[in-house]
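K.L.:
Shown below is the structure under consideration.
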Amino acid sequence: MTTFLYKLGKLAYRRRRFVLLLWVALLVLAGVGAATAPAPTDSAMSVPGTEAQKAFDLLDQRYPGSSADGATARIVFKAPDGGRIGDTANKKKVERTVAELRSVSEQVASATDPLTEKSISDDGTIAYSSVTYKVPASELKDADHTALKDTVARARASGLTVEVGGDALQADPEAAPTELIGVVMAAVILVITFGSLVAAGLSLLTALIGVGIGIASITALAKALDLGTDSSTLAMMIGLAVGIDYALFIVSRYRGELAEGRESEEAAGRAVATAGSAVVFAGLTVIIALAGLAVVNVPILTRTGASAAGTVAIAVLIALTMVPALLGFAGRRVYGRAARRSMSRAGRIDAKPEKLDRGTRWACFLLRHPVVVLFAAVVALGATALPVASLELGLPDDGVEPTHTTQRKAYDLLSEGFGPGFNGPLIAVVDVKDVNAPRTAVNRVVQEVKRTNGVASVTPALFDKAGDTAMLTVISRYKPDSVGTENVVRTIREDGMDIEADTGAKLLVTGTTALNIDFSQKLNDALLPYLALIVGLAFLLLMVVFRSILVPLKAALGFLLSITAALGAVVAVYQWGWLGSVFGVDQPGPIMSMMPIFMVGIVFGLAMDYEVFLVTRVREAYVAGGDPIQAVVTGMRHGARVITAAAAIMISVFSGFIGSSEQLVKMVGFGLGISVFFDAFLVRMVIVPTVLFLLGERAWWLPRWLEGIVPNAAAQGDGFTSSVGTVGVSDKPEVDLPSRRSADGTDGGRPARTTARQDTSGGNRG
């Protein structure tokens, strides 16, 4: 593969105008497609295979036109201090508002009158009207939202306290410049890393073009492929991060090749052959992790993962073609002026060999105290992971909205007047189509549900026109996202099995709260199989890349440490409320159900980026003849600065989304940012090199029976490392390593061998 990438890099360099024109044309084409495509709509929330979803489908079938999944709004009224809703003046105001709600939009199916429906609190001060729509919330237009707001505003002007809950009035996203701040921070880090505006701008430009093509393509295809409007945010987040990082890897390698005195075209070819190989395999791990979300069989995860995977694929292609093309325009300007003047005099960059770089000094520090440092890093990650033991999953409702929003105010008023469970009603659906005495069976269900521990009230049964289905509304005594409500749902379902055995009537529990419970459970059940899938596939991929058993195993275990620590931090901030004001947490509560599986998939792919880039540099030096200990120092010397910059860029991009008004985006931004911090700076920059130091030559062991089975992908670009000595550049002296005994008892100090070895088994010397 390295030979192909070498030729591709040189071809893109020579045909740079054509390559650049091609990508710009694709950007324009995607932009035109996005501008002319029909507007996408959010698909209704569905969780195939769950009881709640089966009940929703049954309601749609037995109650035609009822729109079981239609949008709902609860208009909550509160009388002025000292008054009651039933007072003559307040009664007229409520009736006038209800009449207006019924005609406010052609999408309104019904609006109840709290006075006739007796939906008034016991003290008579709070009442509500339930407004149902014919279509899901995602299909309501801006005009529908505006009409609802105007009606509520007129009711407030009459002297009543009026608030709106439900999904019909979505919270307006609050504009926040933090995403832009993240990009600006990434640009600053690139300038500091490269010391050149040209190199920094090149990396940022290619990432933005890749994200532009990806997002525009998602928008253009959203309607045709039913991608919805929830697919682009994650794609933008991931696309920006990996796009900048992949360009950074290749530009950094290109600068290194120029520093050795190579011509620009040759340097571009070698950069794509070596760093580009790492980009390909790192990109594959990210794509595997994102596309693997489809195995959960939840449409929203499948759509989001596929969209983000496509954006990552575009980022890889741009890194392999557009980056070397732009390097053809930039030439040696990827270095600052002083470095270029030095290059013109000496033919290569003066790297001041008498002064060790930070990467080498850090590697030498780790080599002096490998066991102590390794133990400290593992303990730190383990301690941070402790909050995971109390992880609670759920989906947000109006109770987590900021306290100043009308949704949160309506939620609090309903809890005050009708109890905490009123905001999450359960719908019990009784299928009696094949039962001889349907009403008797339904009465049995009503009595059993009323006796259920934790049930506050049950409404009378509402039969469909055919009389073969009944629907009950069940109110829990507990908050919708509480363990108590989850137990109520579980108990009713267990009792339903006994009822079906006795009467033949099928009892199903649904509603938004039950759907959220089923959704969380399904994701919980899918987490371990999904983790096993992506880790297993990536293990095989890394075994091909490094021709080793222990290196992929170390990578997987390091990832598990970083992801559990990151989840622990998410629980501490968003569930416990620690530092909540710093991260904009208005109301601590359960972690969103999608967070763990999102983080596992995305962070695993990103973690492998750093693993592949760092360890390929180590392997290059090892295959070129370096001692395994010296090879780790060489890898850290070349990779530490780049990985530090890449991680800082990813953290900046992800942190930019913490300011979003959407709870999931905010939480994902924090989770991914802290995950990258743990994985890059504690796992890849501490645990990985110390483990390689301790393993020594055994790190590259591959069983003999696997040598002929595992293909040699040469991801490290073995054919292009002939000039790499024990510290990576032929004109550099060896580093005097700290004196220590290696794991096998031999001297782990400075090696005597510096000549490249013939690696007949694909690099295995175990």
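Bear in mind that the values in this text are calculations on the coordinates, not laboratory data. Everything numeric here is computed off the predicted structure, so don't read it as measured data. We place every Cβ from the backbone using ideal geometry, glycine too, and count neighbours over all the protein chains shown.
K.L.:
Quick query: amide H of residue 424 versus all other amide H atoms, modeled in the peptide plane; which residues come in under 5 Å with a sequence gap of 5 or more or a different chain?
P.N.:
Hits under the 5 Å cutoff: none.
K.L.:
Which order do the peptides 400-408, 273-281, 675-683 take when ranked by the mean count of other beta-carbon atoms within 10 Å per residue, highest first? Walk me through the intermediate numbers first.
P.N.:
Details: 400-408: 17.1, 273-281: 27.1, 675-683: 24.9.
Going by the mean number of other Cβ atoms within 10 Å, highest first, we get 273-281, 675-683, 400-408.
K.L.:
So, one more: Using alpha-carbon pairs under 8 Å, 6+ residues apart, how would you state the relative contact order of region 110-220 in percent? Don't skip to the end; give the middle numbers.
P.N.:
Details: 45 pairs, mean separation 15.0, N = 111.
Computed over region 110-220, the figure is 14 percent.
K.L.:
If you take the charge dipole of the chain about its Cα centre, with +1 on Lys and Arg Cβ and -1 on Asp and Glu Cβ, which of 550, 462, 360 is farthest toward its positive end?
P.N.:
The residue sitting most towards the positive pole is 360.
K.L.:
Something else now. Note down the nm distance, to one decimal, between modelled labels 7 Å out along Cα→Cβ at residue 500 and at residue 184.
P.N.:
For the pair residue 500/residue 184, the computed spacing is 5.8 nm.
K.L.:
In debye to the nearest 20, how big a dipole does region 72-165 give about its Cα centre with +1 on each Lys and Arg Cβ and -1 on each Asp and Glu Cβ?
P.N.:
180
K.L.:
Sticking with this structure for a sec: Return the tail of the calculated pair distribution for region 257-300, meaning the percent of Cα-Cα pairs more than 12 Å apart. Numbers along the way, then the final one.
P.N.:
Values: 645 of 946 pairs.
Of all Cα-Cα distances in region 257-300, 68 percent exceed 12 Å.
K.L.:
Of 134/409; 54/479; 10/666, which sit over 31 Å apart, Cα to Cα?
P.N.:
Values: 134/409 25 Å; 54/479 24 Å; 10/666 42 Å.
Listed pairs above 31 Å: 10/666.
K.L.:
I would also like to ask the following. Just want the answer: with Cβ charges of +1 for Lys and Arg and -1 for Asp and Glu, which residue in 440, 165, 26 is farthest toward the dipole's positive end in the chain?
P.N.:
Result: 26.
K.L.:
If packing is taken as the average count of other Cβ atoms within 10 Å, what order do 591-601, 485-495, 457-467 fall into, highest mean first? The partial results should precede the final answer.
P.N.:
Values: 591-601: 23.0, 485-495: 19.0, 457-467: 13.8.
Ranked by mean Cβ neighbours within 10 Å, highest first: 591-601, 485-495, 457-467.
K.L.:
Return a whole-number percent for the relative contact order of region 72-165, with Cα pairs under 8 Å and 6 or more residues apart as the contact set. Working shown, then result.
P.N.:
Working: 143 pairs, mean separation 41.8, N = 94.
Value for region 72-165: 45 percent.
K.L.:
Could you tell me the calculated FRET efficiency between residue 706 and residue 7, based on Cβ-Cβ distance and R0 = 22 angstrom, to the nearest 0.05? Don't skip to the end; give the middle numbers.
P.N.:
Details: r = 30 Å, r/R0 = 1.36.
Efficiency, from the Cβ-Cβ distance: 0.15.
K.L.:
I need to check one value: relative contact order of the chain, counting alpha carbon pairs closer than 8 Å and at least 6 residues apart, in percent. All intermediate terms of the calculation are to be shown ahead of the outcome.
P.N.:
Values: 1423 pairs, mean separation 134.9, N = 766.
That works out to 18 percent.
K.L.:
Whole-Hz Karplus ³J(HN,Hα) for region 193-208, in order, using 6.51 cos²θ - 1.76 cosθ + 1.60 and θ = phi - 60°, x for Gly and Pro?
P.N.:
Each residue of region 193-208 in turn: 5, 8, x, 8, 5, 5, 4, 5, x, 5, 5, 6, 4, 5, 5, 5 Hz.
K.L.:
For every other residue with a beta carbon closer than 10 angstrom to the beta carbon of residue 164, add +1 if it is Lys or Arg and -1 if Asp or Glu, then tell me the sum. Present the calculation step by step, with values, prior to reporting the outcome.
P.N.:
Working: positive: 74, 149, 409; negative: 163, 398.
Residues close to residue 164 contribute a combined charge of +1.
K.L.:
A further question follows. Compute the long axis of helix 406-418 from its Cα atoms, compare it with the longest principal axis of the Cα atoms of the chain, and write down the angle in degrees, 0 to 90, nearest 10.
P.N.:
50
K.L.:
Using 0.36 nm times the number of residues separating residue 333 and residue 118, minus their current alpha carbon distance, what extension gain do you get?
P.N.:
Details: separation 215, 0.36 × 215 = 77.40 nm, distance 7.65 nm.
Fully extending the segment from residue 333 to residue 118 adds 69.8 nm.
K.L.:
When the Kirkwood radius is taken over all Cα pairs of region 72-165, what Stokes-Einstein diffusion coefficient follows at 20 °C and 1.002 mPa s, in µm²/s? Walk me through the intermediate numbers first.
P.N.:
Details: Rh = 13.3 Å.
Once the numbers are plugged in, D ends up at 161 µm²/s.
K.L.:
Ok, one more. Give me the distance between the Cα centres of region 613-682 and region 186-218, rounded to whole Å.
P.N.:
17
K.L.:
Still on this model: If each DSSP helix of 4+ residues adds -39,500 (n - 2.57) and the sum is divided by the residues in the chain, what number results at 222 nm, nearest 500 deg cm²/dmol? Walk me through the numbers before you get to the answer.
P.N.:
On the way: 24 runs with 440 residues, N = 766.
Helices in the chain give a 222 nm mean residue ellipticity of -19500 deg cm²/dmol.
K.L.:
Follow-up. Ranked highest first by the average count of other Cβ atoms within 10 Å around their residues, in what order do 472-484, 25-37 fall?
P.N.:
Order by mean packing, descending: 472-484, 25-37.
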